[in-house]
1. Give the stretch 122-137 a look and list any residue that's open to solvent by 30 Å² or more (accessible area, probe 1.4 Å), over 16 Å from residue 97 (Cα atoms) and in contact (Cβ under 8 Å) with a residue 12 or more places away in the chain, or say none.
2. Go through (1) surrounded by 14 or more Cβ atoms within 10 Å (Cβ to Cβ); (2) at pLDDT 95 or above and name the single condition residue 41 misses.
3. Can you name the residue in the stretch 58-70 that is out of contact with any Asp or Glu (no Cβ under 7 Å at 6 or more places or on another chain) and surrounded by 14 or more Cβ atoms within 10 Å (Cβ to Cβ) and, of all such residues, is farthest from residue 174 (Cα to Cα)?
4. Based on this model, can you work out whether residue 114 counts as among the basic types (Lys, Arg), at pLDDT 95 or above and surrounded by fewer than 17 Cβ atoms within 10 Å (Cβ to Cβ)?
5. If you scan the stretch 169-184, which residues turn out to be open to solvent by 20 Å² or more (accessible area, probe 1.4 Å) and under 22 Å from residue 112 (Cα atoms)?
6. Within the stretch 166-187, is there a residue that is in contact with a helix residue (DSSP H, G or I) (Cβ under 7 Å, 6 or more places away or on another chain) and within 21 Å of residue 58 (Cβ to Cβ)?
7. Does residue 20 fit the bill of being within 20 Å of residue 141 (Cα to Cα) and either modelled with pLDDT under 95 or over 14 Å from the mean Cα position of the chain (by Cα) (or both)?
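The values are calculated or read from the model by the stated rules, or taken from the named source; none is laboratory data. Values in this document were obtained by computation on a predicted structure and should not be read as measured data. Here Cβ is always computed from backbone atoms with ideal geometry, including for glycine, and neighbour counts include all displayed protein chains. Note: accessible area is taken over every heavy atom of the protein model, side chains too, but ligands, DNA and RNA are not part of it. Shrake-Rupley method; radii C 1.70, N 1.55, O 1.52, S 1.80 Å.
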Amino acid sequence: MPLLVAGAVSLIVSVAMPKTVQAAGQVFEEAQAALIGELENFVLHDEPKPLPPLAITDEAGNPVDFADFEGRVVLLNIWATWCRPCIAEMPSLNALQARAAGSEFDVVPLSLDRGPVVVQQFYKDYNLKNLLIFMDEDDAAVANLEVGGLPTSILVDHNGYEVGRLTGDADWNADEVIKLIGAYVRDARRAGDS
């Protein structure tokens, strides 16, 4: 009998809730289920947070408006070539970009190094052929994002909102990462279907 009551309550809740609220709950539950292994220290926000304005540049020094990524899920990774944990995780970010990137997802590595030359050499030394170079040479974006340590990886949903973050290195090509990203990509697809 308790199963019947639980099922009835679930049915009543799903009928009474708007589809957008149901989808938000569904993506949160899917995301929480992925927070194991490499992601056990990932902090998933109860509610997505708006990103502050980010003034970043590409490797040629051209301004990049982070709003241009809206519509895609983004893993924003703040790093530097002198940071040992950052160095350790960069090959897995490169592999993640090769494995999962496309029209719905991108890795955006944001370097704090002073000038792109050192980053270009780092990419060459570590054979990072799948990642683009983005720079925050004056640390303004990092200050606006309230980054407390390196590396910091921020997951941004298709609406441009921060849904969670991890401070510290991880194997970003792990299956649980793919599940986490997949939850938000599916959420973006559902939003596009409505």
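1. The one that is open to solvent by 30 Å² or more (accessible area, probe 1.4 Å), over 16 Å from residue 97 (Cα atoms) and in contact (Cβ under 8 Å) with a residue 12 or more places away in the chain: 137.
2. Going through (1) surrounded by 14 or more Cβ atoms within 10 Å (Cβ to Cβ); (2) at pLDDT 95 or above one by one, residue 41 breaks only (1).
3. Once the filter is applied, the top-ranked residue is 59.
4. no
5. Going through the stretch 169-184, the residues open to solvent by 20 Å² or more (accessible area, probe 1.4 Å) turn out to be 169, 171, 173, 175-176, 178-179.
Listed by number, the residues that qualify are 169, 171.
6. no
7. Taking the combined requirement at face value, the residue does not satisfy it.
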